[in-house]
Amino acid sequence: MKSNQEREDKRMKKPAERSAPDRKRKPFLRRKVCRFCTDKKLDIDYRNPRVLRYFVTERGKIIPRRISGNCAKHQRQITVALKRARNIAILPFTTAAH
Ligand SMILES: [Zn+2]
């Protein structure tokens, strides 16, 4: 059974990934930590478009978590806040196509 086990190990190993703990990936992935967890004073408020603006594209789309770096909890709060903000016309649902 030992040889079988070894073969299994080799298949799982992708040499490039395993050897180098290189954390340089996408250059636009600026911060990995959630900024709301880092900064307790930063409040997710649907009446505050300045905070929400960070998390929408120019076209009004919500920026996904893998790019914004938010944690699940805060990303959810952002989504809710954004939708509220849209409803009271603080943020647009979408900008007009040019
Ligand atoms: Zn967070």
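Values quoted throughout were computed directly from the atomic coordinates according to the rules given, and no laboratory measurement underlies them. The structure presented is a predicted model; accordingly, all values stated were derived computationally and were not measured. FYI the Cβ positions are ideal-geometry reconstructions off the backbone, even for glycines, and counts take in every protein chain you see.
Rounded to the nearest 20 debye, what is the charge dipole size of region 58-98 about its Cα centre when +1 sits on each Lys and Arg Cβ and -1 on each Asp and Glu Cβ?
Details: 9 positive and 1 negative charges, 43 e Å.
So the magnitude is around 200 debye.
Find, among the trypsin sites (Lys or Arg not before Pro) in region 41-72, those assigned to loop by DSSP (not H, G, I, E, B) with at most 16 other beta-carbon atoms within 10 angstrom. Don't skip to the answer; put the middle values down first.
Details: sites: K41, R47, R50, R53, R59, K61, R65, R66; in loops: K41, R47, R59, K61.
When the trypsin sites (Lys or Arg not before Pro) of region 41-72 are filtered for loop state and at most 16 Cβ neighbours within 10 Å, K41, R47, R59, K61 remain.
If you take every residue apart from D45 with its C-beta less than 13 Å away from the C-beta of D45, what net charge results, scoring Lys and Arg +1 and Asp and Glu -1?
Working: positive: K41, R47, R50, R53, R84; negative: D43.
After counting each charged neighbour, the total is +4.
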If I take the Cα coordinates of region 33-98 and project them onto the principal axes, what are the three extents in Å, biggest first? 37, 23, 16
